[in-house]
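See below for the structure under consideration.
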Amino acid sequence: MRANVYHSRGDYERYVTAHFNVPSDNGGMYLEGHPEAPNNSAEFVTYEHQGQIWNLAHEYVHYLDGRFNLYGDFCANLHDSHSAPEYCPAPAPLLPYLVWWSEGLAEYIAKGNDNPAALKLADEPGYALSALFDTGYEHNAGTERIYLWGYLAVRFMLERHKPRLDAMLAFTRKGDYPRYQALITSWGDGMDDEFSLWRRQLNKKT
């Protein structure tokens, strides 16, 4: 993966669209490209903020997840985004998607247990776990739902249901997305009550 780091947020907003054909109203992006192409180079675009490379850990997790867990390019896996630069012609029509996993994993690996914004939401009524599996980028979306609630969903599954995740990843690593969807659907709402109880205990641990 090649990192392209602009000197400031202003430089990022001014140039990134012309350079990479992506929107500038974000905190950086991971651009997978076409991994099947011999000379493909994944790109990470971001900017410096207070002497740090903004969102480096989060976006690098996307690279690793795409490289090892989600077979195919961005348009091949399950989401509802038509955004640049991929402009996916036919995003997955059926739920559940993989947005909860990809964004939640990136947030969890980047921040570990130190995620005050997500922990603050953990005490609120919020979303059922089964609903979070249907999170999208354009529908069933929103910053809190995608990133903060995605973090909580992934952290819960890693802490409490790792064997289920192992079974899930056995499908996504092969690109067998129909069986991934069937597996997630089979979970139904069976973990919703446990998820609700678990997240209400998080702030009592800190």
Given the conditions (1) surrounded by fewer than 17 Cβ atoms within 10 Å (Cβ to Cβ); (2) in a loop (DSSP other than H, G, I, E, B), report the number of the one that A18 does not fulfil.
-> (2)
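Select from the range 174-206 the residues that are not polar (S, T, N, Q) and not in a helix (DSSP H, G or I) and write down the one among them that is nearest to the chain's Cα centre (by Cα). Break it down stepwise before answering.
Going residue by residue through the range 174-206, those that are not polar (S, T, N, Q) are 174-180, 182-184, 187-195, 197-200, 202, 204-205.
This time we only want the ones that are not in a helix (DSSP H, G or I), so: 174-176, 188-191.
Details: K174: 19, G175: 17, D176: 19, G188: 21, D189: 21, G190: 23, M191: 21 Å.
Once the filter is applied, the top-ranked residue is G175.
Looking at Y60, is it closer than 27 Å to L165 by Cα, without any contact (Cβ under 8 Å) to a residue 24 or more places away in the chain and surrounded by 14 or more Cβ atoms within 10 Å (Cβ to Cβ)?
Spelling it out, it is not the case that Y60 is closer than 27 Å to L165 by Cα, without any contact (Cβ under 8 Å) to a residue 24 or more places away in the chain and surrounded by 14 or more Cβ atoms within 10 Å (Cβ to Cβ).
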Could you say whether any residue in the range 30-49 is under 22 Å from K111 (Cβ atoms), surrounded by fewer than 16 Cβ atoms within 10 Å (Cβ to Cβ) and at pLDDT 90 or above?
-> yes
Could you list all residues from the range 87-111 that are surrounded by 19 or more Cβ atoms within 10 Å (Cβ to Cβ) and of a type in the set (D, E, K, R)?
-> E103, E107
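Within the range 13-37, how many residues turn out to be of a type in the set (D, E, K, R) and closer than 24 Å to R67 by Cβ? So that I can check it myself, show each step before the final result.
Filtering the range 13-37 for residues of a type in the set (D, E, K, R) gives 13-14, 25, 32, 36.
Keeping just the survivors that are closer than 24 Å to R67 by Cβ gives 32, 36.
Of the residues in the range 13-37, 2 are of a type in the set (D, E, K, R) and closer than 24 Å to R67 by Cβ.
The values are calculated or read from the model by the stated rules, or taken from the named source; none is laboratory data. Bear in mind the structure is a predicted one, so any value in this text is a computation, not a measurement. Cβ coordinates were reconstructed from backbone atoms using ideal geometry, including for glycine residues, and neighbour counts include every protein chain displayed.
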